[in-house]
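Report on the structure given below.
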Amino acid sequence: MKHTHHTLKIEKVGFYLSILCAIHCIATPVLITLIPFLGGSLIANHTWELWFIGGSIVLAGVILWIDYKKHFNTTPLLLLIGSLVIKLIEVLWLGDHFEFITGSLGALLIASAYYINWKSKVKTCNC
């Protein structure tokens, strides 16, 4: 079964969103520290952040689930679930004090899930 050009574009969007999330998680504390007037803007807005994270996880979940049904590799899905668990632990128990660590780790897990999923597709079929 071959991927359509549209599916490949969606996968690229998901991968780049997870990379953008990692950059955001790394850059936010630095920018807030160095440029105080950005503290209340979009870059530090928790509502925007929750929408961004939620959208990334939903997009990744859909893409990885579709590919799982073709390749049966559970590792990408487990990495995605791990990312979601880390974010939930941060939101429910840790608070903003560990956001740099949990956000970076979560984004890295999602990016790793995309990478392993891509490698799995290359190995198993001509999709």
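Some observations on this one:
- Cβ-Cβ contacts under 9 Å between residues 6 or more apart (or on different chains), taken from a first residue in the range 7-36 that is acidic (Asp, Glu) and in a helix (DSSP H, G or I) to a second residue that is modelled with pLDDT under 70 and surrounded by fewer than 18 Cβ atoms within 10 Å (Cβ to Cβ), are listed as Glu11/His3.
- Out of Leu78, Leu88, Leu84, Leu92, one residue alone is within 13 Å of Ile53 (Cα to Cα) and loosely packed, with under 15 Cβ neighbours inside 10 Å. It is Leu88.
- Answer residue from the range 95-127, given it is part of a helix (DSSP H, G or I), among the polar types (S, T, N, Q) and over 14 Å from the mean Cα position of the chain (by Cα) and is surrounded by the fewest Cβ atoms within 10 Å (Cβ to Cβ) among those: Thr124
- Qualifying positions in the range 40-62 - touching a helix residue (DSSP H, G or I) at 6+ places or on another chain (Cβ under 9 Å), surrounded by 12 or more Cβ atoms within 10 Å (Cβ to Cβ) and at pLDDT below 85: Ile43, Ala44, Trp48, Glu49, Leu50, Phe52, Ile53, Gly55, Ser56, Ile57, Leu59, Ala60
The values are calculated or read from the model by the stated rules, or taken from the named source; none is laboratory data. Just so you know, these numbers come straight off a predicted model, no measurement behind them. Glycine gets a Cβ as well: all are built from the backbone with ideal geometry, and neighbour counts include every protein chain shown.
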